[in-house]
Amino acid sequence: MTESADSAMPQPPDERGPVRSGTSGVRATLVQSRVVVGLLLVVAGFVWAISRGLTFYGVSPTHLAYDLDQPPWLLLLVSGWLCYRSRRR
Amino acid sequence: MILPQIQIARAHWVLGALFLAIILDEYLPLVRNDGLPVRSRSLVVPWALIIGAVGVWATVVFADVVHDMLVHFLWGDILFAAGALELARRRGVYDRPWLDTVLPLAFLGCGVLFMVHVLIDPSGQGAHWHLAMGILLIAGGITDLIRVRLHRPSLIPLAILPLAGFALALIAIPVAAAS
């Protein structure tokens, strides 16, 4: 599966002004949002796993699907996907 | 064929996780090599919508309640149409300005179907949760539709909040049912 070209988002006009350092700080935080959200999902997955526990079904393909199809693991998978997609390109 | 409760919960967990991945990948900005934030136009998103549609359609086969079958069938149709249109656009096969409204309208349509689900079976199990999830989807759809129609660019669209809330609800709610 290939991916199409990413489209650049229009930049706010104040990015070119003298207050650039302030707004660029905010922007730098925003563009790291994928990593931040990914880490939040990891924390949520751990909390969920600790509070509700995880069930181990086995290691056969069917049982492995059951193992992974539990909310804490799913949150970790989404987090991993998000962090993978957050890399610069 | 009637699925036991845990199987229903499993299906909802997977669809919720898939929807969460779609929303976060679509609405959180990426960083280009030159440091500029860019909007993701990944082909994974339309494919995930189509896979989600197949999953929702499966309910039509496994459900034992007629209105569940009808509503899930229409959900599957909306997701499949949205996925196909987005796939065509992102592959460059078909591109029109109105395609910007495909995802917001799909979310809005799915939210309205949640309301229809509640109206048909107001005393059914989880009616309050269905209502809450419908409101979240409608809020996300309308918010994003307004942003698209006003051509108002933003690094992180506001619609991500209700839509991510919906996805997390889809993951969290069946846990209680499966316990």
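Some observations on this one:
- Dipole size of the range B:32-115 about its Cα centre, with +1 on Lys/Arg Cβ and -1 on Asp/Glu Cβ: approximately 440 debye, rounded to the nearest 20.
- Projecting the alpha carbon convex hull of the range B:75-179 along each direction and taking the average yields 7.6 nm².
- Projecting the Cα atoms of B:LEU74, B:GLY126, B:VAL148 onto the charge dipole of chain B, computed from C-beta unit charges around the Cα centre, puts B:VAL148 farthest toward the positive end.
- Taking the number of Cβ atoms within 10 Å of each Cβ as an exposure proxy, the fewest-first ranking of A:ASP69, B:ASP34, B:ASP25 is B:ASP34, A:ASP69, B:ASP25.
- Averaging the Cα positions of each part gives two centres, and for the range A:36-89 and the range B:43-118 these lie 25 Å apart.
- Angle in degrees between helix B:66-90 and the longest Cα principal axis of chain B, rounded to the nearest 10: 20 degrees
- q = 0.08, 0.09, 0.10, 0.12 Å⁻¹: log10 I(q)/I(0) that the Debye formula gives for chain B, counting C-alpha atoms only: -0.25, -0.32, -0.39, -0.56
- The mean sequence distance of close C-alpha pairs (under 8 Å, at least 6 residues apart), as a share of the length of chain B, puts its relative contact order at 28 percent.
- Charged side chains reduced to their Cβ positions (Lys and Arg at +1, Asp and Glu at -1) give chain B a dipole of some 540 debye around its Cα centre.
Each reported figure results from applying straightforward, stated rules to the coordinates on display, with no laboratory input. Keep in mind that this is a model prediction, so the values were computed, not measured. Quick reminder, even Gly has a Cβ in these numbers, built from the backbone with ideal geometry, and neighbours come from all protein chains shown.
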